[in-house]
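Report on one structure; see the data block that follows.
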Protein chains: 2
Amino acid sequence: MNKAREFDQSALAELKALLGERVSTSAAVREHHGKDESYFPYAPPDAVVFVKTTEEVRDVVNICRRHHVPMIAFGVGTSLEGHILAIAGGVSIDLSQMNQVLAVHEEDLDAVVQAGVTRKQLNEYIKHTGLFFPIDPGADATLGGMTATRASGTNAVRYGTMRENVLSLKVVLADGRVIQTSRRAKKSAAGYDLTRLFVGSEGTLGIITEVTVRLYPVQDAMSAAVCAFPSIDAATRTVIQTLQMGIPVARCELLCATTMGALNKHNKLGYRESPTLFLEFHGTEASVVEQAKMVQEIAKENGGLDFQWATRPEDRTKIWEARHNAYFAVLQLKPGSRAVSTDVCVPISRLAECVAETAKEIAQASMPIPLFGHVGDGNFHLVILVDPKSESDMDEAKALNARLVKRALAMEGTCTGEHGIGMGKQESLRAELGEDVIDVMRDIKQLFDPDNLLNPGKLVPPQ
Amino acid sequence: MNKAREFDQSALAELKALLGERVSTSAAVREHHGKDESYFPYAPPDAVVFVKTTEEVRDVVNICRRHHVPMIAFGVGTSLEGHILAIAGGVSIDLSQMNQVLAVHEEDLDAVVQAGVTRKQLNEYIKHTGLFFPIDPGADATLGGMTATRASGTNAVRYGTMRENVLSLKVVLADGRVIQTSRRAKKSAAGYDLTRLFVGSEGTLGIITEVTVRLYPVQDAMSAAVCAFPSIDAATRTVIQTLQMGIPVARCELLCATTMGALNKHNKLGYRESPTLFLEFHGTEASVVEQAKMVQEIAKENGGLDFQWATRPEDRTKIWEARHNAYFAVLQLKPGSRAVSTDVCVPISRLAECVAETAKEIAQASMPIPLFGHVGDGNFHLVILVDPKSESDMDEAKALNARLVKRALAMEGTCTGEHGIGMGKQESLRAELGEDVIDVMRDIKQLFDPDNLLNPGKLVPPQ
């Protein structure tokens, strides 16, 4: 509460005049808004405002700007690199009550939503239309947050990431102007691509209040498959050959032997504890059968074992529930632990090599480090299980992550496939793209936010 | 030649010292670089330089900047909105000799090319790999030019536009810095999306010298189909229902009755002269059959006539040759005419209405106006056949285009689906996105090009 007292009281009074009870300076609310799912220490904001409309966001931005108060857009707090931590104090703008689906255009395969709508909420809302929104990061994040971090997930190999699936954005700029970045047409060559500039901008260039997203028809037939392999290399070969044949695999996930062991324990399953691919095929009845057969053939040539098919919805659900539980399952490998997640993504031709070199380090690490990820995109995660109170655990995790990023960059990869930069990857970004690119990004930040009030200290590395 | 004499002779001397014979001020070369495929009057540059490397582009940019000389990146001159016209004089930087394919990564499904490589050249080069690059604007444009205008074509309904298919760019900035916008990984959440900022920037923010593009496996089976309809509305319904069912149609083109008549005449064909869909299906043998059957069923319900299939490569080629000849075929409807092309794109639910209202105007126009386009994206073109010497023809064409843009904007559409803004659509851009967005674009232009030397007078509307 001490910090709140130092906070600009005239700004607070103006915010309260605007939003009444929807302004909070309580310790509990502030604490909740000062942490995400990363390993960074809590950094609560001075106040939290709960907004309901774009106009309210604009008014809050105008108040904060006049009083030189930092602003942090907040969805549900599931970011993984400290994105929403109020490291310079200020106001957390909680958009979770902006949760209206504004329009669903069934014929156009798109929907317009307020930024606080979550992905599961949207999919529930459109269930009756036969359409769905495919992007699925682990958490049930808001679409505003997913846009701001350029999120993806298990479906990206077929449906792309937020980059490909946002059609247009409504954004409040730092100076209070409200812009719509694009029309609702499926494609456009009309001027600079402001939509894509805000996708992945992590709240540092403006505050996203509405998102227009693409939807896809639920396919006639979906089938899942699980296949174990003698090595990660054999699994990766299978994926490369599948993609090269143009088989439109919808999901393609790799889980290491350690992860499979944790899954077996957590979900009482009996999978072979060996590197395993979880696959899904979408299409017509005939094409799904054909796809699965072709992949089974490829897997077999690469030494694949126990190829299991699931076409019944309940069996399919069981497989993907297991996959989605992987994160929670592996946490139990070291009770009381917290996870440091890595997120490199490399050209798929280098994936086996990158994973193999990393596996050597995992074998020597002092803690369990399960590995799984979106192998169809070349993106995989280590979940480094640390005792949050142990300095040596944290140091080991950070050093391991640093070496992993270095390895991925040497293979033309990126330090982050889908988690974003936030606080944790700024030096990696510099190493990845070089000082000139960082300077260009800093200039763009300066252009959109000359007073450095929009989520300060995130994404752009210090000079 | 008069203009060349006024041109900064010390800049010219420096350029000649750098490039020798690869600097030209001859009238013929300048004239060739002062026109594209638009209806705008010629605007030749003062000089043309033929560059071979990124370093040469950088050196040219440095010379031009020091002497305050405008620079216009030039590929093969097939832009449609006056993009490459030297309306403020200066140097045309011809990148057509930067035509090396630098790398093909078969396993990663990507290629790195110099900006002057054309789409057909790339596809010829990678033929043996079983991969292809799908984006196909009418012309055999360079990949640098296609990137700069955010081009698309008949395959966009399935494979996306240049926006979705550029992985990374090498760009020379106005101040001579050379940046690589991204790594080669398939996805990344690493910082602001500079790649997408340059895709569609029309040479106004930097000069693209290398492009990394996605490739796709040539599918096992491809089949084409042609189906006539009693009305454009019936054809459009068919497309909407096809997309809603999630049938992954690879191409989906609409041609009006007038266009079909011109095609019959030009190619000695016997198609029904009625609104017609040209379709293509890619996939496995079974899925292609299945897709075509499903679409045939949908077409039948909408009154489709003469559904013709083509699975043999030679029959398929014949169909797409006819489609690609449409532009030349319709030009012969009015001998000696020149084309004013329109390019609106609307949400597909509004397409039938937009086309129907436009058809009324076409019926009352004084010249033939065939209509065809990428109906799966909601994007269609009118080819307004004008006598280039007739002022009243030009006035009529411009007025018709202006009304069409207004109509599309009222339907949440865009003034340009794939041709870009250039000189011709600046006021439409303002109407489409509003003054605040234009101001943001102007600020971005100012940030990247403070001296306004990169393709001045294009894309960003005047204040």
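Criterion first (in contact with a His (Cβ under 7 Å, 6 or more places away or on another chain), under 25 Å from B:Gly246 (Cα atoms) and among the small types (Gly, Ala, Ser)) does B:Ala151 satisfy it?
No.
Being under 20 Å from A:Ile135 (Cα atoms) and among the polar types (S, T, N, Q): is that true of A:Gln244 here?
Taking the combined requirement at face value, the residue does not satisfy it.
Inside region B:346-368, can you point out the residues that are away from chain A (no Cβ under 14 Å), in contact with a strand residue (DSSP E or B) (Cβ under 8 Å, 6 or more places away or on another chain) and either of a type in the set (Phe, Trp, Tyr) or not in a helix (DSSP H, G or I) (or both)?
Matches in region B:346-368: B:Ala365, B:Met367, B:Pro368.
Looking at region B:245-267, which of its residues are within 17 Å of B:Gly304 (Cβ to Cβ) and within 14 Å of chain A (Cβ to nearest Cβ)?
Passing the criteria: B:Met245, B:Ile247, B:Val249, B:Cys252.
What number of residues within region A:380-399 satisfy the criterion of being in contact (Cβ under 8 Å) with a residue 40 or more places away in the chain and surrounded by 18 or more Cβ atoms within 10 Å (Cβ to Cβ)?
8
Being in contact with a Gly (Cβ under 9 Å, 6 or more places away or on another chain) and under 18 Å from B:His33 (Cβ atoms): is that true of B:Thr147 here?
The answer is no for B:Thr147.
Identify all residues within region A:381-420 that are of a type in the set (Val, Ile, Thr), within 14 Å of another protein chain (Cβ to nearest Cβ) and in contact with a Lys or Arg (Cβ under 7 Å, 6 or more places away or on another chain); write none if there are none.
Hits for region A:381-420 are A:Thr414, A:Thr416.
Can you find a residue that is under 30 Å from A:His381 (Cα atoms), surrounded by 24 or more Cβ atoms within 10 Å (Cβ to Cβ) and within 15 Å of the chain's Cα centre (by Cα) anywhere in region B:166-186?
Yes, there is a match, as at least one residue in region B:166-186 is under 30 Å from A:His381 (Cα atoms), surrounded by 24 or more Cβ atoms within 10 Å (Cβ to Cβ) and within 15 Å of the chain's Cα centre (by Cα).
Go through region B:126-170 residue by residue and tally those that are away from every other protein chain (no Cβ under 12 Å), under 24 Å from A:Glu412 (Cα atoms) and not hydrophobic (A, V, I, L, M, F, W, C).
1
Condition check: at pLDDT 90 or above, under 21 Å from B:His419 (Cβ atoms) and more than 21 Å from the chain's Cα centre (by Cα). Does B:Ser337 satisfy that?
yes
Hey, A:Ser231 hits all of (1) surrounded by fewer than 24 Cβ atoms within 10 Å (Cβ to Cβ); (2) among the polar types (S, T, N, Q); (3) closer than 29 Å to B:Ala156 by Cβ but one; which does it fall short on?
(3)
Among what's in region B:435-463 and is of a type outside the set (A, V, I, L, M) and crowded, with 24+ Cβ neighbours inside 10 Å, pick the residue that is farthest from the other protein chains (Cβ to nearest Cβ).
B:Asn455
A quick yes/no check of all residues on (1) at pLDDT 95 or above; (2) buried (at least 22 other Cβ atoms within 10 Å of the Cβ):
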{"position": "B:Gln241", "(1), (2)": "no, no"}
{"position": "B:Gly246", "(1), (2)": "no, no"}
{"position": "B:Ala257", "(1), (2)": "yes, no"}
{"position": "B:Asn267", "(1), (2)": "no, no"}
{"position": "B:Gly270", "(1), (2)": "no, no"}
{"position": "B:Glu273", "(1), (2)": "yes, no"}
{"position": "B:Thr276", "(1), (2)": "yes, yes"}
{"position": "B:Leu279", "(1), (2)": "yes, yes"}
{"position": "B:Gly283", "(1), (2)": "no, yes"}
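Could you count how many residues in region A:180-213 are aromatic (Phe, Trp, Tyr) and either more than 30 Å from B:Met423 (Cα to Cα) or facing chain B (nearest Cβ under 7 Å) (or both)?
Residues meeting the conditions: 1.
Identify, by number, the condition in (1) crowded, with 24+ Cβ neighbours inside 10 Å; (2) in contact with a Gly (Cβ under 8 Å, 6 or more places away or on another chain); (3) among the acidic types (Asp, Glu) that A:Glu432 doesn't meet.
Single failed check for A:Glu432: (2).
The values are calculated or read from the model by the stated rules, or taken from the named source; none is laboratory data. Everything quoted here is computed from the prediction, not taken from an experiment. Cβ sites come from the backbone with ideal geometry, for glycine too, and all protein chains shown count toward neighbours.
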